[in-house]
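Structure first, then comments.
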Amino acid sequence: MNSALIRQRLKPWMLPIAMLGGILFHNFIDMIAFVAPYLIFIMLLITFCKVKPHEFRVTRLSGLLIVVQILGSVLAYLALLPFSRELAEGAFICIFCPTATAAPVITGMLGGSIPRLATFSIVSNVSVAVLAPVLFTLMGSEADLSFFESLTIIATRVVPLIILPLFTALAMLKYIPKVHGKIASHQSVSFYIWAVSLFIVVGRAVSFIMAEPAEMIPEMLWLAGISLIACCAQFYIGRRIGRRCGDRIAGAQGLGQKNTVLAIWMALTYLHPIVSVAPAAYVAWQNTINSAQLYFKSRKGTVCL
C-alpha cells in the first residue's frame, strides 16, 4: 500500500482523531496553544494562493448570509431572553460569531467556491468587529470597556488573521509568482494544518468546560443543546441560501462553520462566563458535521448534511 493510498484512506478520519486527541490531552494544550494563530495564517495563505484577485467579489450570497448572521443572532437572543439570559446569550454568540478563518479550506475540500467563501469570511469578520461593541453594550456587557476599546480589541484579534494572509498571497503572486504557484499546487497541506489547529481548539474548549463547577452542569447541558440547535440550523439555512445562489457548500460552510476561538473569548470577555460553554460545545458539533461531510465525499463523491 503506497503512501498516497494511506493518506486517502486516513483523510476522512483525521478530524475525529484530532478532536479525540484534543479531548484526551487537553491538560497539555496550553503548552502549544501559542502556535494556533501561526497555523491559521499558513493555512489561509495556502488557500488564498489558489484564488485570483478578480475572483474576490461581494455577491448576493454574501449579502443574504450576513443578514441571517446578524439578524438571526438578535432574534434568537430576544426570543430566549424571557426564559434565561444565559441561554439567550449562548444562542446569540453561536449565531453572531463570524465565519471561521479555516472555512475556505474545508469549502475547497468539499468542492465549493473558495473565492465566494473567502469573500464572505472577510465580510462576516469585519461586520462582527464593527457591530460587536454596539450589540454587547446594548445587551449589558460584563466588560468595563469603552466603545473604541472594544472595537480595537476585537478588530485586532480578527482582521489581521484574514487580511494579512490575503495580502501576502497577492504580493507573492505579483513579486514571486513561481513560489506562489508552488504553494497553490499543494492545497492538501492545509488540511493537515487544520487538523493540528482543531486538536488545539478542541483541547482549549474542553479545558473551559472542565473548569466550570459541578453545580453548573444542568445549565451547561442546556447551553450545549442550544449550541447544537444553532449549529444544525445554520448549516441547513446556509445550505438552502447557497443552493439559491449557486453554491450550497459555500453557503453552508459560510453560515455554519464558526470562529469558535473568538466566540469563546467574546463570551468570557463580554458575557456571563458560563456562556462560553455554548461556543465550546459548538466546536464539537461543527467539526462532527465537517467530518461527516468529508467522509461521505471521500466515499461517495457527494456532500451530505
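For this structure, a couple of remarks:
- Taking chymotrypsin sites (Phe, Trp or Tyr not before Pro) as exposed when their DSSP state is a loop state and no more than 16 other Cβ atoms lie within 10 Å, the longest site-free interval of the chain runs over 84-305.
- Radius of gyration over Kirkwood radius for the chain, both on Cα atoms: the Rg/Rh ratio is 0.96.
- Neighbour-count ranking [beta-carbon atoms within 10 angstrom, fewest first] of 245, 232: 232, 245
- Taking every Cα-Cα distance in the range 224-305 and sorting them into 10 Å bins from zero, the calculated P(r) comes out as 20, 44, 27, 9, 1 percent.
- Normalised contact order of the chain, rounded percent, pairs of Cα under 8 Å and 6 or more residues apart: 32
- Projected-area mean, the range 74-120, by convex hull of Cα positions, square nanometres: 3.9
- Here the convex hull built on the C-alpha positions of the range 1-130 has a volume of 171 cubic angstrom per residue.
- Under the combined filter of DSSP loop state and at most 15 neighbouring Cβ atoms within 10 Å, the range 5-96 retains these trypsin sites (Lys or Arg not before Pro): 57.
- Counted charge near residue 219, where neighbours are those whose Cβ lies closer than 15 Å (Asp, Glu -1; Lys, Arg +1): -3
- The chain: most fluctuating residue of 251, 63, 225 per GNM, C-alpha cutoff 10 Å: 63
- Between the helical axis of 277-300 and the longest alpha-carbon principal axis of the chain there is an angle of about 30 degrees.
- Annotation: amide H-H contacts under 5 Å for residue 258 (H modelled 1.01 Å from N, sequence separation of 5 or more, or interchain): 100.
- Largest GNM mean-square fluctuation among 237, 217, 200, using the chain with Cα springs under 10 Å: 217.
- Degrees between helix 114-139 axis and first principal axis of the chain (Cα, 0 to 90, nearest 10): 10
- Computed from Cα positions, the angle between helix 147-175 and the longest principal axis of the chain comes to roughly 0 degrees.
- Percentage, to the nearest whole number, of Cα pairs in the range 152-305 over 29 Å apart: 30
Where a number appears in this text, it was derived from the coordinates with a stated rule and is not lab data. A quick note: this is a predicted structure, and the numbers were derived from the prediction, not measured. Cβ coordinates were reconstructed from backbone atoms using ideal geometry, including for glycine residues, and neighbour counts include every protein chain displayed.
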